[in-house]
1. Looking at the calculated P(r) for the range 107-156, what percent of the C-alpha pair distances fall above 18 Å?
2. Sort 90-101, 179-190, 70-81 for me by packing, meaning the mean count of neighbouring Cβ atoms within 10 Å per residue, highest on top.
3. Pop out the carbon and sulfur fraction of the accessible area of the range 54-171 as a percent, whole number, probe 1.4 Å.
4. Starting from the exponent 0.38 and prefactor 2.2 Å, build the expected Rg for the range 75-119 from its residue count and divide its actual Cα Rg by it.
5. Distance between the C-alpha centers of the range 150-175 and the range 56-96? Whole Å please.
6. Once you list every other residue whose beta carbon is under 15 Å from the beta carbon of Gly88, what net charge do they have if Lys and Arg are +1 and Asp and Glu are -1?
7. Stokes-Einstein diffusion coefficient for the range 40-175 at 25 °C in a medium of 0.890 mPa s, Rh from the Kirkwood formula over Cα pairs: what value in µm²/s?
8. Per residue, how much accessible area does the range 123-211 have with a 1.4 Å probe, in Å²?
Amino acid sequence: SLLIAVRRPERSESPQGVVGVSEANGEVVRWRDRFIRIKQLLRIMTKLIFYVDFRKDLEIYKKWQVRKFFGEKLFNYFLKLYYPKLVGKTEKEIIDYFKKNKERMIDQTENVGEKLKQKWEGINNDFFREVERVTGFKWKHKIYKCHLSSTFICGGCYDAQKGNVVSVFPRLKHASALDTLFHELVHLHFWDTIDKLKTKYDKNEKLTAKG
């Protein structure tokens, strides 16, 4: 007898089934590609993270000698705004006050700093991209850090040696904390750009620049 093998068609081989499977596969591929693009963007995106560090608070206060740099009158103006009890006090008395009130100062800085962080979250990508567009140079680091200071009452400063750290006093009343953050980050980008251009300059100017 003649045996004839007949293969039963798979469900997906019907026209409707083939179309359904193809659409499903296409959707999976699209989501996979989208996920890969997002991971790539996150990997290359320049970001800013915030932190508090009381030891650094004392370090930058002593290093920059705010009273000497701005003069007694302006220094006392800053003190009157933020720490009125310290107006007229000696440097030792001010440092002792900071140490004694460390926990309260940190809590205060974190609470106000949270508002600065929220403002920054909405503009992080735009800021870093726009600076690159204007200058024509990429940011040197992928991660930058903003030290939320409890003591740098004049505004902000940058750490030229680390190259990716700025300090900002988030409780600013005489200026905008957000604008100050912009300013200090641009300082870092400026010096990195100068280095890329191989421009000669006095290294002490980079390490001692204030503002």
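1. Cα-Cα pairs in the range 107-156 separated by more than 18 Å: 46 percent.
2. Highest-to-lowest ranking by the protection proxy: 179-190, 70-81, 90-101.
3. Ligands and nucleic acids excluded, carbon and sulfur reach 52 percent.
4. In units of the globular-protein estimate, the range 75-119 measures up at 1.32.
5. The range 150-175 and the range 56-96 have Cα centres spaced 14 Å from each other.
6. Summing Lys/Arg as +1 and Asp/Glu as -1 gives +2.
7. Approximately 151 µm²/s, per Stokes-Einstein.
8. Dividing the accessible area of the range 123-211 by its residue count gives 50 Å².
The values are calculated or read from the model by the stated rules, or taken from the named source; none is laboratory data. Being a predicted model, the structure only gives us computed values, none of them experimental. Don't worry about glycine lacking a Cβ; one is built from the backbone with ideal geometry, like all the others, and counts go over all protein chains shown. Ligands, DNA and RNA are excluded from the accessible area calculation, which covers all protein heavy atoms including side chains. Shrake-Rupley method; radii C 1.70, N 1.55, O 1.52, S 1.80 Å.
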